[in-house]
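The values are calculated or read from the model by the stated rules, or taken from the named source; none is laboratory data. This one's a predicted model, so the numbers in the text were calculated from it and none came from an experiment. Positions of Cβ are backbone-derived with ideal geometry, glycine not excepted, and every protein chain shown enters the neighbour counts. All accessible areas refer to the heavy atoms of the entire protein, side chains included, with ligands and DNA or RNA removed. Shrake-Rupley method; radii C 1.70, N 1.55, O 1.52, S 1.80 Å.
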Amino acid sequence: MKTLKSFSMKQPILFGLILTVVWMALVLVFSGIAASIIRKPYGDVSTTIIGRLAVISCTVLLAWRLGWLEESGIARLGSWRAWLFTLGGLVYYAIVSLYAFYGRASFDFSILTRLPESRFIVLAQFVIAMSEEFLFRGLVLFVLVRVWGNTARGMIGSVVFTALLFAVLHVIQVFTNGLPTSAALYLVLATLVIAIWWGALVLLGRSIWPAVVLHFMGNAVVIVQGFATPMIEPEFLAYKSLLWFSMVLGVIGIGLLVNVASEKPAKQTLEI
């Protein structure tokens, strides 16, 4: 583990890229194993939940073995300031997401009682959010900030790189979900902007959990509403609207990072 720690300090970008590749491979492998054991199709909600839970276990184990479980924010609840920003951002993002995808800012809660499968989808989204945030806003972001420092430049660079790495992975939806290329481009850009907001909250509160909650709720609200409401057409317009609405949160996120940097000694490396 000392060798791995040393490598992460010397090559933080490469370390983050390797972690991401290994993480993706584990998602595929564990989901495939789950599919064969419970005899469900690959990509079924059940296999997704089991596979992601296995990946979460591996991520937490790695963080524990490296001594980063608390420092990376996984074992911390976070500050009240971060949760206040989280609550405000959650309300805003849920409303604009519903409007962007369905043309109206309303959510039909009766879907959760009428359609049992929707509750299973909600559970799956929570597990997916945990698995992705533990990696990206947890380990990868922690390593980058630890090396690049807690100055405004170091924090913004760390958050933006992590957000970019996370956003680019969404291109895979072109192949897995048949998402049109134009829609995928707007999705990547919107994800980049909103992930900057998530990263800023993680550094503000020194906890990964605000990002987990925002990631989970943002996805779950849109997906569940899709059971009862058709998405606007053409598809790329929804992602385009989401991008513009997300800009507000991205700008606030950059502002938070500058503020957090001003509160810390310039030469001190950040302990998230």
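Quick notes
- Failed item in (1) surrounded by 20 or more Cβ atoms within 10 Å (Cβ to Cβ); (2) over 16 Å from the mean Cα position of the chain (by Cα); (3) closer than 18 Å to residue 92 by Cβ; (4) not polar (S, T, N, Q), with residue 247 passing the rest: (1)
- Counted residues, segment 164-210 - those being surrounded by fewer than 20 Cβ atoms within 10 Å (Cβ to Cβ) and closer than 22 Å to residue 78 by Cβ: 1
- For segment 218-237, filtered to residues that are open to solvent by 20 Å² or more (accessible area, probe 1.4 Å) and of a type in the set (Gly, Ala, Ser), the residue that is modelled with the lowest pLDDT is 228.
- Contacts under 7 angstrom Cβ, first residue in segment 27-43 being more than 20 Å from residue 130 (Cα to Cα), partner open to solvent by 80 Å² or more (accessible area, probe 1.4 Å) and part of a loop (DSSP other than H, G, I, E, B), 6 or more apart: 35/41; 35/42
- Helices (runs of 4 or more DSSP H) wholly inside segment 1-78 containing at least 3 residues that are under 24 Å from residue 199 (Cβ atoms) and open to solvent by less than 50 Å² (accessible area, probe 1.4 Å): 12-38, 45-65
- Of all the numbered requirements in (1) open to solvent by 30 Å² or more (accessible area, probe 1.4 Å); (2) part of a helix (DSSP H, G or I), residue 106 misses one, and that requirement is (2).
- Just one of the listed residues (126, 161) is touching a residue at least 60 places away in the same chain (Cβ under 8 Å), closer than 17 Å to residue 21 by Cβ, open to solvent by 30 Å² or more (accessible area, probe 1.4 Å) and not in a loop (DSSP other than H, G, I, E, B), namely 161.
- Residue 97 being hydroxyl-bearing (Ser, Thr, Tyr), assigned to a helix (DSSP H, G or I), over 13 Å from the mean Cα position of the chain (by Cα) and within 20 Å of residue 225 (Cα to Cα): yes
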